[in-house]
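Read through the structure below, which is laid out as structure tokens, and then see the notes.
FYI, it's all coordinate maths here, none of it is from the lab. Source: prediction; values computed, not measured. Positions of Cβ are generated from backbone atoms using ideal geometry, with glycine treated the same way; all protein chains shown enter the neighbour counts.
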């Protein structure tokens with residue numbers, strides 16, 4: 001087991017140790033932290049006397065809330081110290097923890113209160129579909145082979161996580177009728193009317209989604225809204241009742257699948273919404289991806305949840321924090337990790353068709369390219385809403401099955417949300433990072 005010595009400086013000690021734990025997870029190994037620099041394989045500190053030199057001015061900037069990427073990363077997505085040397089540990093900390101989002105300017109936030117993709121460094125530097133932090137860790141392993149399990153770069157095949165947000169169950173006929181009318185598709189409008197008369201389920205299709213997942217060997221998580229109606233910004237929340245929620249959750253549970261809360265866009269708290277669920281809620285995704293990262297992480301921590309699966313841009317597929325694996329976020333204010341696992345969101349049905357404006361054929365090609373590019377060292381998180389499986393959304397239905405088949409062809413395995421949580425050793429990370437500084 002490699003031994004690591006980190007200089008005892010409260011400005012960065014816990015943060016650097018957290019980064020080392022991110023590296024050890026990526027490399028599928030563990031490190032021992034020692035008290036004596038002379039007994040270490042690798043030493044980390046703020047002078048040239050250490051194997052890895054830390055730039056303490058980087059952490060001073062964070063301490064003073066100077067977090068904008070245009071200041072921290074003005075010339076590219078890698079932080080450089082005053083001598084122009086690349087500082088990889090600092091970059092990893094900055095990117096994985098979404099530090100660019102800590103103190104956003106008003107123009108960085110959209111009408112719904114979300115950090116804009118167009119305001120991000122990922123957009124500016126064109127790295128949104130790249131597991132950039134993974135590449136930085138590879139550079140460190142090439143420089144210090146002892147950081148990996150066998151001295152080589154880790155090449156573990158990626159895995160995938162499938163989830164379904166349940167926004168709409170009962171008003172599918174209204175939506176499909178409106179769309180048919182808006183597009184002057186009179187034949188389709190007549191079909192909607194006829195299907196409504198015959199009481200066709202439209203989006204009330206959880207049974208269909210469950211059977212499709214079972215057929216494909218998927219262990220999904222369903223995220224449910226506990227609040228009904230439209231918020232002040234015009235975001236629709238659930239069109240179903242708490243009674244409907246309870247019935248559907250029991251159905252999902254009977255098939256061995258997980259359910260979580262789809263935190264509404266209202267100002268109600270987690271505790272208020274969780275009270276409506278018929279089971280202990282441990283997993284979350286924010287509805288409409290309406291959240292601001294660092295305040296949301298505090299809310300998730302206070303609610304005692306195990307996982308969150310919200311960290312993605314609505315506007316584009318890819319890596320919002322430039323990292324392909326789940327992680328335990330770091331609480332900068334309290335200088336310690338949180339106690340939940342963040343499962344970043346990489347692909348969403350609405351992103352492809354609505355935000356990126358792709359047709360089914362182009363979307364299929366983009367997904368296959370994205371997966372091929374990230375076929376190793378990632379857990380790719382995919383969200384498909386239940387309404388995308390309706391008979392009125394055949395392109396999205398076909399696209400989903402094609403994408404799942406793409407995973408199978410590449411021999412990529414599916415993970416459930418609880419397995420992801422277990423694999424990321426939350427308690428171990430907490431203990432290792434928050435132990436008394438050496």
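Here are some notes:
- Helix axis angle, 132-143 relative to the chain longest principal axis, alpha carbon, degrees: 30 degrees
- Helix-only CD estimate at 222 nm, as mean residue ellipticity for the chain, using -39500 (n - 2.57) per DSSP H run (n ≥ 4): -10500 deg cm²/dmol
- Ranking of 195, 105 by neighbouring Cβ atoms within 10 Å, starting from the fewest: 105, 195.
- Three-way shape label, segment 167-291, alpha-carbon gyration tensor, a/c 1.5: oblate
- Here segment 80-94 is scanned for amide nitrogen atoms under 17 Å from the site 7 Å beyond the Cα of residue 335 along Cα-to-Cβ, giving none.
- When you restrict to C-alpha pairs under 8 Å that are six or more residues apart and normalise by the size of segment 1-142, the relative contact order lands at 20 percent.
- Fully extended contour minus Cα-Cα distance, from residue 51 to residue 143, at 0.36 nm per residue: 32.1 nm
- Beta bridges from DSSP with both residues in the chain: antiparallel share about 20 percent, rounded to the nearest 5.
- Linear extension gain, residue 184 paired with residue 372, 0.36 nm per residue minus alpha-carbon span: 63.8 nm
- Nearest-ten-degree value, helix 242-254 long axis tilted from longest Cα axis of the chain: 70 degrees
- The order of the peptides 324-333, 154-163 by mean Cβ neighbours within 10 Å, most packed first, is 324-333, 154-163.
- Residue exposure sequence - 301, 71 - by fewest surrounding Cβ within 10 Å: 71, 301
- Least to most buried among 259, 390 (fewest other Cβ within 10 Å first): 390, 259
- Distance between the 7 Å Cα→Cβ label points at residue 359 and residue 253: 4.6 nm.
- For segment 57-137: rounded, prolate or oblate by the Cα gyration tensor [a/c cutoff 1.5]: oblate
- Taking 7 Å steps out from each Cα toward its Cβ at residue 38 and residue 109 produces label points 5.4 nm apart.
- Extension reserve of the residue 198-residue 409 stretch, reckoned as 0.36 nm per residue once the Cα distance is removed: 72.0 nm
- Tensor-based shape of segment 1-65 (alpha-carbon gyration tensor, a/c under 1.5 rounded, otherwise prolate or oblate): oblate
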